[in-house]
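See below for the structure under consideration.
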Amino acid sequence: MANKPSIPKGTRDFGPKEMVKRNYIFDTIKEVYSLFGFQQIETPSMETLQTLMGKYGDEGDKLLFKILNSGDYFKGITDEELVGRNTLKLQTRLSEKGLRYDLTVPFARYVVMHRDEIQFPFKRYQIQPVWRADRPQKGRYREFYQCDADVVGSESLLNEVELMQIIDTVFVKFGIRVQIKLNNRKILSGIAEIIGEQDKIVHITTAIDKLEKIGLEKVNEELASAGLSEQAIMQLQPIIQLNGTNEQKLDTISKVLAKSEIGVKGIEESKYILDSLKKTGLKNDIILDLTLARGLNYYTGAIFEVKALDSEIGSITGGGRYDNLTGIFGMPGLSGVGMSFGADRIYDVLNALDLFPKKSVCGATQLMFVNFGEKETDYILPILDKARKAGIRSEIFPDAVKIKKQMNYANAKSIPYVAIVGENEIKEEKITLKDMSSGEQCMLSANDLIDKIV
């Protein structure tokens, strides 16, 4: 007996009803991106490992899906090398490509390759799947979509302000209450400098970024295992646990970092963003969170993350400034800032909170014609064509089977209207239109039928 087919863990199939919902998410985000002047691009699903490796930190590199070279990928590898099981060395020989981990690094590569064709500042958005060899769990998948927006070629903090506005606008449209968390990697660097642990900034940020997940005690254990002194860890405690309004937090951290030039710069940037956003009328709260670190090594300035207030799912949007990213591809000095909506997590939140609008949940077809036979079909086809030209999503059941089966089909697809044409309708040059939700029927001309549905 043949094995039952399956799909890899951490991936999902999406049926027609689910795709209607997903497209609602994508279309809403695209609409808002376009409102703010962003243009769409796409990049390949796979990139060279040279492009991907070393851009996400050690933990990120481990989560990259590598693609075996085509053909005889063992060619040129000796038995001694295979027996030696040097994973890193063998990996570079067996695999030259990998599935993209995110859309930001491929975008940086795109900018460098197409620099002569791009008008700077370049505002792009990109909605495509990414892959991570992570442990699947609720809200976390190995294949998922990101919906990115980035601006490169401008150091203005107005770009950060606009990204916050985009986040607010999108979630207001979705009806999801969110909290936007803001921090700055310069502040984190200043903190590391003040406690005398500048060389451990990556370890510090990686650890404190896990505060909500693992708690303060475990964070302190990770800091200790990274080699931080007990005194340095004690100095971090009041900073990690800092409370109050955004203004109070800025005032307190300003005093702590007064002697750190980079820390003061981060405070100034954060204050500008927060002050500017007060003038825009954000509907959702934005808070300064000094424990927010974002695990990716390439962020250099403002960083932000969004969480839904009425759902336990983790971050659903995040991003930050990454001034030095294109430098690794031979184009130094180009400043960039970007963000990414987690479409799959947003889908789960909208589902859990029952926030999908009813019009997006129903089937795509608005009108179905019942098929009684060849004579009736000949009468229907011109009307069907006219309905489609009027913008009504219409179909005719392809087979002249029992009407019960055809009605079951319409119900299964949540088609709101069914058109019935028999001998009487043909004689009177009319169509009987049935409203599937109320059960009401009326006989109409083709023009009146179209006007009713449009």
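The values are calculated or read from the model by the stated rules, or taken from the named source; none is laboratory data. All of these numbers come straight from a predicted model, not from anything done at the bench. Glycine gets a Cβ as well: all are built from the backbone with ideal geometry, and neighbour counts include every protein chain shown. These accessible areas exclude ligands, DNA and RNA; they are computed on the full protein's heavy atoms, side chains included. Shrake-Rupley method; radii C 1.70, N 1.55, O 1.52, S 1.80 Å.
Remark: the Q50-T252 segment gains 68.4 nm on full extension, using 0.36 nm per residue and subtracting the alpha carbon distance.
Once the 1.4 Å probe is applied to the protein heavy atoms, segment 177-308 comes out at 48 Å² accessible per residue. For the chain, the longest principal axis of the Cα atoms and the long axis of helix 374-389 meet at an angle of about 40 degrees. Is segment 383-454 rounded, prolate or oblate when judged by the Cα gyration tensor, a ≥ b ≥ c being the square roots of its eigenvalues, rounded requiring a/c under 1.5 and prolate requiring a/b larger than b/c? Because its axes are fairly even, with a/c under 1.5, segment 383-454 counts as rounded. Between L353 and E212, the distance separating the two model label sites (each 7 Å from Cα on the Cα→Cβ line) works out to 1.4 nm. At R0 = 22 Å, how high is the FRET efficiency between K30 and K389 if r is their beta carbon distance? Nearest 0.05 is fine. Using R0 = 22 Å, I get an efficiency of 0.30. Share of carbon and sulfur in the accessible area of the chain stands at 51%, probe radius 1.4 Å.
Taking amide H atoms as placed 1.01 Å from N in the peptide plane, the amide H of Q146 lies under 5 Å from those of Q128, V130, each 5 or more residues away in sequence or on another chain. Give me the net charge of S394's neighbourhood, meaning all other residues with Cβ under 12 Å from the Cβ of S394; Lys, Arg count +1, Asp, Glu -1. Result for the neighbourhood of S394: +2. For segment 363-453, the solvent-accessible area works out to 56 Å² per residue, with a probe of 1.4 Å and every protein chain left in place.
Please state the shape class of segment 242-309: rounded when a/c is under 1.5, otherwise prolate if a/b exceeds b/c and oblate if not, all from the C-alpha gyration tensor. Oblate.
Which entries of K255/K283; K255/K278; K30/K55; K249/K278 have Cα-Cα distances beyond 20 Å here?
K255/K283; K255/K278; K30/K55
Peptides 149-160, 346-357, 423-434 ordered by packing proxy, namely the average of other Cβ atoms within 10 Å per residue, highest first: 149-160, 346-357, 423-434.
I need the shape label for segment 169-229. Rule: rounded when a/c is under 1.5, else prolate if a/b > b/c, else oblate, with a, b, c from the alpha carbon gyration tensor. Oblate. For segment 258-277, there are no residues whose amide N sits under 14 Å from a probe point set 7 Å from the Cα of Q231 along the beta carbon direction.
Multiplying the residue separation of I403 and E18 by 0.36 nm and subtracting their alpha-carbon distance yields 135.9 nm. FRET efficiency for the pair C442 and F120, taken as 1/(1 + (r/R0)^6) with r the Cβ-Cβ distance and R0 = 51 Å, rounds to 0.30.
In the full protein context, segment 107-164 carries 45 Å² of accessible surface per residue, based on a 1.4 Å probe and ignoring ligands, DNA and RNA.
Of the peptides 265-274, 314-323, the ranking by mean beta-carbon count within 10 Å, highest at the top, reads 314-323, 265-274. Adding -39500 (n - 2.57) for every DSSP H run of four residues or longer, then dividing by how many residues the chain holds, sets the calculated 222 nm ellipticity at -13000 deg cm²/dmol.
Please sort 208-216, 10-18 by packing, taking for each peptide the average over its residues of neighbouring beta carbons within 10 angstrom, highest first.
The most tightly packed comes first, giving 208-216, 10-18.
Exposure check, 1.4 Å probe, all protein chains in place: C442 carries approximately 50 Å² of accessible surface.
Taken one residue at a time, the phi angles of segment 190-198 give Karplus couplings (6.51, -1.76, 1.60, θ = phi - 60°) of x, 4, 4, 5, 5, 8, x, 10, 4 Hz. Gly and Pro are set to x. With 25 Å as the limit, the listed pairs K4/K75; K181/K210; K123/K210; K66/K218; K9/K200 have K4/K75; K123/K210; K66/K218; K9/K200 beyond it between alpha carbons. Working from label points 7 Å from Cα in the Cα-to-Cβ sense, the S276 to E222 distance is 3.1 nm.
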